[in-house]
Amino acid sequence: MGGAGTLDWATDSPPAPYSFLHLPTVNGREALWDASPNQPIVVGLDEHTRAHLTTRTLDAEPDGKNEFPAPSIWPFLTAVATAVTFVGSVFTPMGHHHRRDFRSPLHDQLVLA
């Protein structure tokens, strides 16, 4: 256990995909050391949705449940659009400027003389 009292030391090594079979509650800063013998567990969360329990700030009493949105293709499409924009701006000249010869009109006269 390494002498640490945080919850990351309470899981198996390597951890299971779900980390904890039952979500634990904590009583203090050192969750493993401050746990009472009959420490309650979090119940009522649907295992088929991604959700977490929210608590009040001062006393950490349960306050509600937040559900995460379902997986979406939009973050990937946004990343592709951003990459195309940046790559396109680097390799495409803005305004379609053509290379011009910037010699002065006097240049030909000076060379001929």
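The values are calculated or read from the model by the stated rules, or taken from the named source; none is laboratory data. No experiment lies behind these values; they were computed from the predicted model shown. Because the Cβ atoms are built from the backbone with ideal geometry, glycine has one as well, and the counts that use them run over all protein chains shown. Just the protein is used for accessible areas: all its heavy atoms, side chains included, with ligands, DNA and RNA removed. Shrake-Rupley method; radii C 1.70, N 1.55, O 1.52, S 1.80 Å.
Taking the options ASP46, ASP63, name whichever one is exposed (fewer than 12 other Cβ atoms within 10 Å of the Cβ) and either in contact with a Gly (Cβ under 8 Å, 6 or more places away or on another chain) or acidic (Asp, Glu) (or both).
ASP46
Is one or more of the residues making up the range 13-23 assigned to a loop (DSSP other than H, G, I, E, B), touching a Ser or Thr at 6+ places or on another chain (Cβ under 8 Å) and open to solvent by 50 Å² or more (accessible area, probe 1.4 Å)?
yes
Inspect all residues belonging to the range 96-110 and state whether any of them is at pLDDT 80 or above and surrounded by 10 or more Cβ atoms within 10 Å (Cβ to Cβ).
no
Within the set of pairs 6 or more residues apart or between chains, which connect a residue that is closer than 19 Å to ALA10 by Cα inside the range 28-54 to a residue that is aliphatic (A, V, I, L, M) and open to solvent by 60 Å² or more (accessible area, probe 1.4 Å) with Cβ atoms less than 6 Å apart?
Taking only residues 6 or more apart or on different chains, the pairs are VAL42/LEU23; VAL42/LEU53.
Within the range 66-85, can you find the residues that are open to solvent by 100 Å² or more (accessible area, probe 1.4 Å) and in contact with a strand residue (DSSP E or B) (Cβ under 6 Å, 6 or more places away or on another chain)?
GLU67
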